[in-house]
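Read through the structure below, which is laid out as structure tokens, and then see the notes.
Taken together, the values in this text are just the output of simple stated rules run on the coordinates, not laboratory data. Computed from a predicted model, the values in this text were never measured in an experiment. We place every Cβ from the backbone using ideal geometry, glycine too, and count neighbours over all the protein chains shown.
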Amino acid sequence: MLLVAAALAARPEAAAHVDSADGRFRCHHGDGAAALCDIVLPALDEAWAAQVDGLGFRSPVSDGARGGSDALDVYMLPEGTGGAGGAYVACDGDDLATPEETCTDSTSGDGYASDSAYIVIDPRTDTAALRGYAHHEFNHVLQYATDFEEPFLSVWEGTAVAAEYWTDPGMALDPGPVADYQAVPWASAVLHDGYFLDEKYGLWSYYEYGAMLWVRWLDERHFDGTGAAGPALWDALANDPGDNEPDVLDAWSEIAGDWREDMVDFAISRGRFGTAEGPEWLAELGDGAAISAWEALGNEGTTVTSVDLYPLGAAYFEVTLSDDRQRWLNHDRLEQNFAWAVVSDPGGIAAASDRYASIDVRGPGTVRLALVYLGGQQFDADSGDRDDIVASTVVLNTDTSCSSQFGAFAGLFAAAGLFRWRATRSPARTP
């Protein structure tokens, strides 16, 4: 379930088509595939009712009868899909003349980068999955009607996956993308995607689809789980073409008041996913929704740990003290670049004197902590090539002493710009 920012050389050509009863949708198909339209057209009706009429997403932009009518077109054809299970949404662009043709704003000066779009689904896709595909791809059409220049794939796909569940609350969660997202908490929670992880680290991942955890967390936290987070987020980040302001972090702040404070709280919640402290809507996945990379800090000796964190990424630590030993966790940054957060402390052994400076842990007991990288006060997500998304290496040197002494956990941080990521797709096909 994919999307592309630039139009293909031309829309696919179909042998026949079927229109929905109200004329809002047209399903194009090849020979012998008309039955697929009988599945997809009602699903698109469901998506419109839930996402546009119910939640308030912007309606699709008219395509000027490019598909033979004013209807939103879905093509049940294999062109460009990559095979069974493949699907994408493309904007129309100006005249479909070349593969390089980009989206074209339908109404200049209205505060939206909006263009018409169409859906393509491979007809060899499992028919049991088609309904969910239609719900997902329809949401991408609505995103193209709002801000086709939004550069971050996790915002596109995270919202579209969440929209599947807002359209059909009984739909089972897909554990794969959730596990991919939770496996790499050190990556940016909303600014990275599977392409980046594959190209930079060789990690095959559906990370951007797993970012639905962030979208649904926003919805549960700020909109009582009603689904209103989707249109609110996209409307808040919309702008006329030409820049990326407001960007997704500006939109997050419009929803939450301060994205940095909210990001710390998200990191705490993320560390609780897959545990008894996690949300009810994730319970069906059990511990499959849990963070899989907890760094254990034991009871004795000296430990040196080095982790790479990107802005809006987090490292997770489990500290276990078997007696009254003490550990003091701190870092040497005066500015609010990094924040310590208590994820789980059933024994009440952690005390945060300043979440941006230090946490004291005194045993006996176990506490789970997150170190969140906020990117600094000047960090902004408006850059089209993401030159400002730079990893910092965090070197943690800790030793444990008895309670009569002062145990130190000194963090030495080198934000030397070790990694830079230049976007090659925004948005684009994912692995």
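At-a-glance table
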quantity	calculated
Pairwise FRET efficiency - Gln378 versus Thr320, Cβ, R0 = 30 Å, nearest 0.05	0.20
Cα shape, the range 28-163, gyration tensor, a/c 1.5 rule	prolate
Full-stretch length increase - Ser59, Thr127 - with 0.36 nm per residue and alpha-carbon distance subtracted	21.8 nm
Residues with amide H under 5 Å from that of Val394, placed H, sequence gap 5 or more	Val307, Asp308, Leu309
³J(HN,Hα), Karplus 6.51/-1.76/1.60, whole Hz, each residue of the range 266-283, x for Gly, Pro	5, 4, 5, 4, 4, x, 9, 4, x, 10, 5, 8, x, x, 4, 5, 9, 4
Per-residue HN-Hα couplings for the range 345-350 [Karplus 6.51, -1.76, 1.60; θ = phi - 60°; Hz; x = Gly/Pro]	8, x, x, x, 9, 10
Compactness of the range 198-255 as Cα Rg over 2.2 N^0.38 Å, two decimals	1.35
Exposure proxy order (Cβ contacts within 10 Å, fewest to most) of Thr125, Thr102	Thr102, Thr125
Gyration tensor (alpha-carbon) shape descriptor, the range 15-63, a/c threshold 1.5	prolate
Residue order, fewest to most surrounding Cβ atoms within 10 angstrom, among His192, His29	His29, His192
Residues with amide H under 5 Å from that of Leu297, placed H, sequence gap 5 or more	Glu318, Val319, Thr320
